[in-house]
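Before any comments, here is the structure.
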Amino acid sequence: MSSRLRFAGLAFALLFSIAAAGDPLAPESALERSGYMRLTTSVEVSKFLEQLALLSHFVRKEQIGRSAGGRSIDAVWISKPSPVRTTKNTSLPRLTILLVGTQHGTEPSGGEALLLVARSVALGGMKLLLDGADFIIVPNANPDGRDLHRRVNANNVNLSTDFVLLSQPESRAINDLLLRVRPEVVLDVHESAILKKKTLGREGYLTDFNAQFEIGNNTNIAPEIRRLSLNRMLPEIVREVRRRGLPAQRYIGEITSIRQPITNGGLSLKNLRNKAGMLGAFSFLVENRLDPPGNYPTHRNIRERVAEQILSIESFLKVVRAHAQEIMGITRTARMTPLPRSVYLSTAYERNKTQPRISLQLRRRDTGVAEKRWFDDHRAIATAHKLNPPQAYVVTAHEQPVAAVLTRHHLRYEKITNRRKLAVHAQKIKADGNPLKPGEPAAIHAYPAELFLEPGDLWIEARQPEGLILPLLLDPRSTSSIFAYPPFNAALTRGREFFVYRVP
């Protein structure tokens, strides 16, 4: 792992500059105070943010929610008063940037890095960024996982994939923040273990990467956002990270076997990156390397891991700043586009016909020696079931749990009070003799019908601020459908008329 050793000097210099810059009274994180031998607890994260708020009138701390285990989920808002607008500066964009860390409790370096980034933006060398941006930083999105040393929250739920059902208070807190603040830019900060003991490690290999970046890649995100993100910003971020000495690439989906196909990041709305993108934000993920157990100068090489996350975040922010005016213009246009517009219900990866195979570098687990392996390349994206959203949706069964999900997404609905007849498009789940599997989009037969609405049925207008996601949540063919998840998938019965109807 000589590349890691070569980077160690840069890592230390980076951390030292961030720690030393700005106010001499700037707080240290518990990780810093321990000499990088002990992680910062959730209570200590909150205290650190409180200290920042006391030291700078640019900083405000806010509790945005509580975890399933009752722990505080905190954000810091860092901004300075906007300059008086004149004829010379009226076009200057001022972005709102949301940075989120530690959705997975066993990936702590992102949260530790965001504490130091918050300090640097408020008091240190990154303070210049406040001339063109306001920051909202949530360093510890999964305080249960951080304190309990586990990936999931106290309810054993993976928060990073909970943005369809929003079943957990932590994911709801982040979603509520997105809708309240409407950031133009979002970065979700993660780590990934290079040693996967139960999967790839058993085949004798480790993954070999330092920094990976992914965009909001659901095909229903505004095309202008996807184009700028994919064609210009992503390559520039990767180049900037490499220029600063850290190997970087576009995100490759988790490798658990040397025989699997290769994809990019997940395409559905279950992750923060795509949910934020559907709300009109330029949304990215960064995933840095989580070292396996070994002999390091600090606990699990945490000093260097934090430094790599900081370098990746700084590089990301540099590219965002360079594109600030474009970002502001595109997000404004995307959010003003009249609804509804057509959507693709199904989005999936398929074999890349122009490049069916790709080689990736892995490392032998026993020797650490680099080795190239060939994989099927499935990074092409296929779409299906294009739908022009209807006037409204009607739900005639399971109204209470469906209404609960709609409320979590801030989607409005009404309850029918009087019986009446209505022309609708009905759907029937095709019967092929096989039960539906969890996560499986349903095949349907659609046909016109007449329906009697009964008191208590739900009426959901499609033309509302977040109406674009309604078809993705309520249509059983959608890869982001609530009916792909328990307990809703149990409500789908093959050969029976589906209880969600489209009103043309």
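Read the figures in this text as sums done on the coordinates, not as results from a lab. Computed from a predicted model, the values in this text were never measured in an experiment. Because the Cβ atoms are built from the backbone with ideal geometry, glycine has one as well, and the counts that use them run over all protein chains shown.
Please state the charge dipole magnitude for the chain, taken about the Cα centre, from unit charges on C-beta atoms (+1 on K and R, -1 on D and E), reported in debye and rounded to the nearest 20.
Once rounded to the nearest 20, the dipole reads 820 debye.
Students often get this wrong, so check it: of Lys386/Lys430; Lys47/Lys127; Lys47/Lys270; Lys318/Lys353; Lys275/Lys318; Lys275/Lys421, which have C-alpha atoms separated by over 26 Å? List each step's numbers first, then the result.
Numbers: Lys386/Lys430 19 Å; Lys47/Lys127 21 Å; Lys47/Lys270 31 Å; Lys318/Lys353 35 Å; Lys275/Lys318 24 Å; Lys275/Lys421 35 Å.
Correct reply: Lys47/Lys270; Lys318/Lys353; Lys275/Lys421.
How high is the relative contact order of the stretch 303-415, in percent, counting Cα pairs under 8 Å that sit 6 or more residues apart?
Details: 87 pairs, mean separation 26.9, N = 113.
Worked out over the stretch 303-415, it gives 24 percent.
For a footprinting-style exposure proxy, rank Trp459, Trp374 by other Cβ within 10 Å, fewest first.
Trp374, Trp459
Between rounded, prolate and oblate, where does the stretch 260-351 land on the alpha carbon gyration tensor, with a ≥ b ≥ c its root eigenvalues, rounded for a/c under 1.5, else prolate if a/b exceeds b/c? It would help to have the intermediate numbers written out before the result.
Details: a/c = 3.45, a/b = 1.60, b/c = 2.16.
Because a/c hits 1.5 or more and a/b fails to exceed b/c, the stretch 260-351 counts as oblate.
Over the Cα atoms of the stretch 388-503, what Rg and Dmax result, in angstrom?
Values for the stretch 388-503 (Cα only, Rg and Dmax): 13.4, 40 Å.
Would you kindly derive the ³J(HN,Hα) couplings of the stretch 53-70 from the backbone phi angles with the Karplus curve 6.51 cos²θ - 1.76 cosθ + 1.60 (θ = phi - 60°), listing them in order in whole Hz, with x for Gly and Pro?
So the J values, rounded to whole Hz, are 5, 6, 8, 9, 6, 7, 10, 9, 9, 9, 7, 9, x, 10, 6, 4, x, x.
Using Cβ contacts closer than 10 Å as the measure, can you line up Thr161, Thr207, Thr367, Thr102 from fewest to most?
Ascending Cβ contact count within 10 Å gives the list Thr367, Thr161, Thr207, Thr102.
Restricting to bridges with both residues inside the chain, how much of the DSSP beta-bridge set is antiparallel, in percent to the nearest 5?
70
Normalising by the residue count of the stretch 345-504, find the relative contact order in percent from Cα pairs under 8 Å and 6+ residues apart.
29
By how many degrees, between 0 and 90 and to the nearest 10, does the Cα long axis of helix 324-336 differ from the longest principal axis of the chain?
Once rounded, one gets 20 degrees.
Ranking Tyr296, Tyr447, Tyr36, Tyr393 by Cβ neighbours within 10 Å, fewest first, what do you get?
Fewest to most other Cβ atoms nearby, the residues stand as Tyr447, Tyr296, Tyr36, Tyr393.
With 40 Å as the cut-off, how large is the P(r) tail for the chain, expressed as percent of Cα-Cα pairs?
Distances greater than 40 Å cover 24 percent of the Cα pairs.
List, largest first, the extents of the alpha carbons of the stretch 193-301 along their principal axes, each in whole Å.
The principal-axis extents, from largest down, are 45, 32, 23 Å.
Which far-off residues, 5 or more places away or on another chain, put their amide H under 5 Å from the one on Val185, with H placed in the peptide plane?
Amide H neighbours of Val185, under 5 Å, 5+ apart: Thr96, Leu98, Phe282.
Given Cα pairs under 8 Å that are at least 6 residues apart, what percent is the relative contact order of the chain?
13
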